[in-house]
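Throughout, read-outs are computed from the coordinates displayed, never taken from laboratory work. Since the model is a prediction, treat every value here as computed from it, not as a measurement. Don't worry about glycine lacking a Cβ; one is built from the backbone with ideal geometry, like all the others, and counts go over all protein chains shown.
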Amino acid sequence: MKIALLSRNRTLYSTRRLIEAARQRGHEVRVLDVLRCYMNVTSLRPEIHYKGETLTDFDAVIPRIGASVTFYGTAVLRQFEMMGVYPLNESVAITRARDKLRALQLLARKGIGLPVTGFAESPDDVQDLIKMVGGAPVVIKLLEGTQGIGVVLAETQQAAESVIEAFMGMRANILVQEFIKEARGADLRCFVIGDRVVAAMKRQAKEGEFRSNIHRGGSASLIRITPQERETAVRAAKIIGLNVAGVDILRSSHGPLVLEVNSTPGLEGIETATGKDIATMIIQFMEKNARPYHTRTRGLG
C-alpha cells in the first residue's frame, strides 16, 4: 500500500512508530504536514496539492491531526475521502470526538455510563448547575482543553462558583462534572482497534494531583480490565465512529464511566506500559480493511 501519514512532526514517537511498522510490512509511507496541503474542491476531479505537487495514488491515509488544527486537518482528510483514499479514522468521526459535548451527548443517547455532566451558558445558572451534578467537589473542564489543560477540581461550592464564573466571564465553553472520588486519581486508557480492545493501561495521578494524564506527571502501568469495561470501550468507539480510539474510563461504584474518546491516541505510553506492538496492529487493521471509496459515516449526528 501507499500510505499518507498526516502529521506535523515526523519525529514524534507515534509518527515514527507508524512509519517503522508500515515499512517493515512492505508499505510505502509519506509524511505530510497537513497545514501544507491545499485543495481543489470540485465534484469532477478533487485534488490535493502539497508544496506544488499533486498528490495521487494513495491507498490509505492515517490522520494524526492535533487538536489545534482540527478544522483544517479534517477538511484535508475529507478531501482524501472524496478521492477514494481509505481513512484509518473518518473525518466525521474525528470531528465528533473533538467536540466533547457532542461526543458525550452521542454516548448518553446510546446508554453509555458517564459522569453526571452539566453544561450552561449564563452565569445566572451557576448554583443550580453545580447542584445538578451533585454538588461540590466538581470537575470543571474547558471544552477545547487537551492533555489535562483547562481541567480544574473545585472542592467547595464557593470555589466552584468562582471558577465557573471566571471561565464564563472569558466566554469559554465549559463542562461541569461530578467528581468520582472512588477513582482515587486513576483512570483506564483502553486502546481500541476495530471491534476489540488490544491493550489497556492504568494511569495514576501523581501525589497531590487528580489529573492522571502522563503529560501532567502521571504514571502508567499494565492492568487487566473487566469484560464490562472492555465492552464499554468498544461500544464507545463505535458510537463515535472511530476505527482506532483511546477510550478513557473511570472505575466508579456504579460501573465504568467514559471520560473521553480520543481520536488520535498516543502510542508511547500504551506501548511502554503493555509491551505490545500497537503500531503494527494498526497497520494490519488497515491491510485488512483498506479499499478504494470504502468510507462510510457510522454512528449518529
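Quick notes on this structure:
- Taken along the Cα-to-beta-carbon direction at a fixed 7 Å, the label points for Thr54 and Asp195 span 4.0 nm.
- Segment Asn173..Gln105, full-extension length gain: 22.9 nm, with 0.36 nm per residue of separation and the alpha-carbon distance subtracted.
- The GluC sites (Glu not before Pro) found in the stretch 44-132 that occupy coil by DSSP, while having at most 16 further C-beta atoms within 10 Å, are Glu121.
- The chain: Rg to Rh, with Rh as the Kirkwood radius over Cα pairs: 0.99
- Alpha carbon Rg of the stretch 182-288, scaled by the compact-globule rule 2.2 N^0.38 Å: 1.02
- Grouping the Cα pair distances of the stretch 117-179 into 5 Å bins from zero gives a pair-distance distribution of 4, 21, 36, 27, 10, 1 percent in increasing distance order.
- Rounded FRET efficiency, nearest 0.05, which uses the C-beta distance separating Arg291 from Glu268 and R0 of 30 Å: 0.50
- Note on Tyr38 and Glu165: with the Förster distance fixed at 35 Å, the Cβ-Cβ geometry gives a FRET efficiency of about 0.25.
- Local electrostatic count at Val61 - Lys and Arg +1, Asp and Glu -1, tallied over other residues with Cβ under 14 Å: -1
- Contact order for the chain, expressed relative to its length and based on alpha carbon pairs under 8 Å spaced 6+ residues apart, stands at 19 percent.
- Ranked by the mean number of other Cβ atoms within 10 Å per residue, highest first, peptides 156-163, 195-202 order as 195-202, 156-163.
- Listed residues Gln127, Gln204, Gln79, most fluctuating in the chain (Gaussian network, C-alpha, under 10 Å): Gln127
- Where labels lie 7 Å past Cα in the beta-carbon direction, separation of Asp128 and Glu28 in nm: 6.2 nm
- Shown is the FRET efficiency for Glu20 and Ile149, computed with R0 = 22 Å from the Cβ-Cβ distance and rounded to the nearest 0.05: 0.15.
- Part-to-part distance (alpha-carbon centres) for the stretch 89-111 and the stretch 178-197, which is given in Å: 17 Å
- Annotation: amide H of Val31 within the under-5 Å range of Leu5, sequence separation 5 or more or interchain, hydrogens built in the peptide plane.
- For the stretch 59-160, trypsin sites (Lys or Arg not before Pro) meeting the loop criterion (DSSP other than H, G, I, E, B) and having at most 16 other Cβ atoms within 10 Å: Lys110.
- Here is how the number arises for the chain: DSSP H runs of 4 or more residues each give -39500 (n - 2.57), the sum is divided by the residue count, and the result at 222 nm is -9500 deg cm²/dmol.
- Where both bridge residues fall in the chain, DSSP classifies roughly 80% of the beta bridges as antiparallel.
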